[in-house]
Amino acid sequence: MRHYSTAYPLSWRIFDAVEALAKRVWPARFAPWLPYLLLLPALLVTGLLVIGLIEIADSSLHVLDKATFRSSESYSLENFERALTASLFRNIGLRSFLGAILVTAVTLVLAFPYAYVLVRTESPILRKLLLIVLFLPFFIGQVVRAYGWLIILGNEGILNTSLSFLGIGPFRLLFNYWAVLFGLVQTMIPFAVLMLAPALTAIPKETERAAESLGANWIRTFQYVVIPLARPGMVGAAIVVFTLTLTDFAIPAVLGGGSNDFIANAIYDQFFRTSDAGLGSALTLLLIIAGSAAVGVALLLVGIGTLGLAGHDDD
Amino acid sequence: MTDRSKAVVLWLLVGFSVVTLSAPTAVIIGASLTSGKIVTFPPDGLSLQWYAQILGAFDLRAAFLRSLYVATVCTLIALPCGTLAGIVFAKHRIRFRKGIQVYLLLPFTIPLIGSGVGLMLVFGAGGLLGSLWPVGLACCAINLPFMIWAVAGSANALDPDLEKAAANCGAPPVQTFLTVTLPAVMPGVITGALLMFILALNEFLVSLLLVDSRIVTLPVLIYNSIRSIITPDLAAISVVFVVVAAMVIAILDRLVGLDIFLKSK
């Protein structure tokens with residue numbers, strides 16, 4: 001017996017036991033279903049969000065009873081009517097949409113050259129530096145970055161103090177629409193660059209050289225060769241930036257100072273200030289529909305493959 | 001319209017982006033080192049007093065530990081969920097592939113405020129609001145595609161013949177998985193886990209919706225504080241985020257190379 005156990009090490013016996021257990025739990029005839037079993041945990045975790053959507057939809061159909069401050073039992077579409085007609089929400093909606101359009105345009109103008117230099121530079125050190133500059137704010141988080149902007153742009157902040165040495169100012173740089181848009185552009189540049197860079201990588205250098213050797217200057221090369229070829233990346237970047245901006249909370253809250261709210265801030269206020277969960281849910285649902293529609297269009301236009309889950313391209 | 005003008009225009013725009021991206025970080029590091037009582041410019045002098053201060057500040061330390069806990073819970077849930085799903089997507093032919101893919105990308109297509117409000121209602125109905133682990137679960141649910149993407153990338157690179165060879169040599173399925181598949185996808189697993197950890201550590205909006213005043217996480221605490229008065233101790237604690245972010249970037253660079261994000265499909 002002793003001889004047997006030395007010839008047959010412990011790790012083997014553990015493996016055998018594990019295999020036997022695996023066979024017990026999931027017999028070979030279930031093998032075709034194994035991939036679905038392995039997917040199950042991810043499906044369940046993501047399922048939380050689906051249940052969340054159902055809860056939001058349910059909550060949006062109950063009106064807050066002002067007398068008892070409870071949600072009514074009966075179903076109605078009144079919350080949606082208020083969300084779509086109240087001038088407060090119309091203003092906030094317009095402000096968010098206009099902001100999202102402006103931020104998308106400016107972000108693309110800044111992200112395109114960044115991605116271009118990132119992809120085309122010959123220097124590995126420069127490329128690494130540009131990547132670090134890109135990732136660092138992305139990993140630091142929005143609140144900490146907004147805090148940095150408060151220190152820079154405040155009435156007694158770095159910028160105003162520096163300007164006062166020159167005898168100008170002080171200017172009110174914070175808590176206005178432009179501060180919010182600026183903060184949003186800064187937040188969105190990394191997303192846009194990361195969507196654009198793979199599209200630019202796919203354009204061979206020779207294509208640009210060919211245009212130049214045929215006499216096109218660099219502006220015409222960009223206009224007629226690089227930008228059209230990078231269009232899938234541009235569209236993807238634009239729609240990602242647009243939806244992220246439209247639904248942002250932290251930047252309008254911190255840099256807008258309460259008077260430049262976006263839709264997400266209005267939703268938060270409905271839940272935590274006026275305690276009107278029904279109206280808040282209706283606003284959330286409308287925003288989700290607007291946001292998902294935009295992302296859906298993006299995925300249809302540039303393909304789901306952009307987000308890189310696909311293993312086989314056979315389907 | 002020479003190459004010179006191209007370089008000037010490109011570099012002006014890139015330079016503006018670099019300054020804009022880096023300015024808040026640089027300023028926070030600077031502000032944390034001031035010896036004054038408030039954040040002023042130019043600084044009153046250099047000192048590490050605010051770092052000593054945050055070590056003694058109970059609420060800051062407690063909030064930081066809570067954020068670490070949330071990030072750990074999130075990563076521990078994401079590890080099995082994302083690894084298995086990533087391997088399945090790269091290795092197996094499954095029915096309804098497109099549909100499952102769209103479903104698993106829901107966390108990216110639903111706006112963050114929508115996911116947060118939904119989870120708040122779900123956890124509220126389940127009586128889970130007020131405890132901390134559901135915040136970690138929520139962070140996992142909203143960022144899971146990152147983990148799946150990272151693992152699928154590694155699994156795609158694994159030659160399927162290796163697994164067949166192992167099976168051919170007599171290795172049963174579990175052993176093949178543990179000794180061939182799992183080690184091969186490890187870079188992806190670590191990349192994904194790092195992303196999940198740092199994104200959960202920083203997660204603000206979903207935290208804000210799910211925590212109450214007794215269990216605020218660090219980003220929520222910073223948010224609540226900067227709305228009143230800006231003090232340098234907040235800058236010092238923010239530097240902790242900067243350091244963690246820098247560490248994650250360094251590890252990612254060593255592990256998979258930052259250039260991976262530039263590759264075209």
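For chain A, modelled as a GNM with alpha-carbon contacts under 10 angstrom, which of A:VAL180, A:VAL235, A:VAL226 fluctuates the most?
A:VAL226
Rank these for me by crowding, A:SER59, A:SER71, going from fewest to most other beta carbons within 10 Å.
Final ranking by Cβ density, sparse to dense: A:SER71, A:SER59.
Counting residues in chain A as N, plug N into 2.2 N^0.38 Å and put the Cα Rg over that result.
The value comes to 1.38.
At 27 angstrom or more along the helix axis (alpha-carbon based) and mean Kyte-Doolittle of 0.5 or higher, what helices does chain B contain? Whole DSSP H runs only.
Qualifying helices: B:3-32, B:58-91, B:133-157, B:182-202, B:232-255.
Let me know the longest stretch in chain A that avoids all trypsin sites (Lys or Arg not before Pro) found in a DSSP loop with at most 13 other C-beta atoms within 10 Å.
Value returned for the longest uninterrupted segment is A:67-171.
Report the calculated FRET efficiency for B:THR179 and A:VAL235 (r = Cβ-Cβ distance, R0 = 35 Å), to the nearest 0.05.
The pair B:THR179/A:VAL235 has a calculated efficiency of 0.20.
Using DSSP to define loop residues, name the trypsin sites (Lys or Arg not before Pro) in the range B:3-40 whose beta-carbon has at most 16 other beta-carbon atoms within 10 Å.
In loop regions of the range B:3-40 (DSSP not H, G, I, E or B), the sparsely surrounded trypsin sites (Lys or Arg not before Pro) are B:LYS37.
How many angstrom separate the Cα center of the range B:57-129 from the Cα center of the range B:206-220?
17 Å
Build a GNM of chain A with springs between Cα atoms under 10 Å: which of A:ALA294, A:ALA111, A:ALA17 gets the top mean-square fluctuation?
Its mean-square fluctuation being the largest, the pick is A:ALA17.
Which of the GluC sites (Glu not before Pro) found in the range A:52-136 are in a DSSP loop and have at most 10 neighbouring Cβ atoms, other than their own, within 10 Å?
A:GLU73, A:GLU122
Please identify every one of the chymotrypsin sites (Phe, Trp or Tyr not before Pro) in the range A:1-81 that sits in a loop by DSSP and has no more than 11 other beta carbons within 10 Å of its own beta carbon.
In loop regions of the range A:1-81 (DSSP not H, G, I, E or B), the sparsely surrounded chymotrypsin sites (Phe, Trp or Tyr not before Pro) are A:PHE69, A:TYR75.
Where the centre of each part is set by its Cα atoms, how far does the range A:250-266 sit from the range A:195-222, in angstrom?
Answer, in whole Å: 40.
May I ask you to list the lysines whose Cα is less than 23 Å away from that of B:LYS164, ignoring any residue fewer than eight positions away on the same chain?
Filter leaves A:LYS23, B:LYS91.
For A:LYS205, give me every one of the lysines with a C-alpha distance below 26 angstrom, ignoring sequence neighbours fewer than eight places off in its own chain.
Hits, sequence-local ones excluded: A:LYS128, B:LYS6, B:LYS263, B:LYS265.
All of the numbers you see were taken from the coordinates with simple rules; none came from a lab. From a predicted model like this one, the values you see are computed outputs, not experimental measurements. Counting neighbours? That spans all protein chains shown, and the Cβs are built from the backbone with ideal geometry, glycine included.
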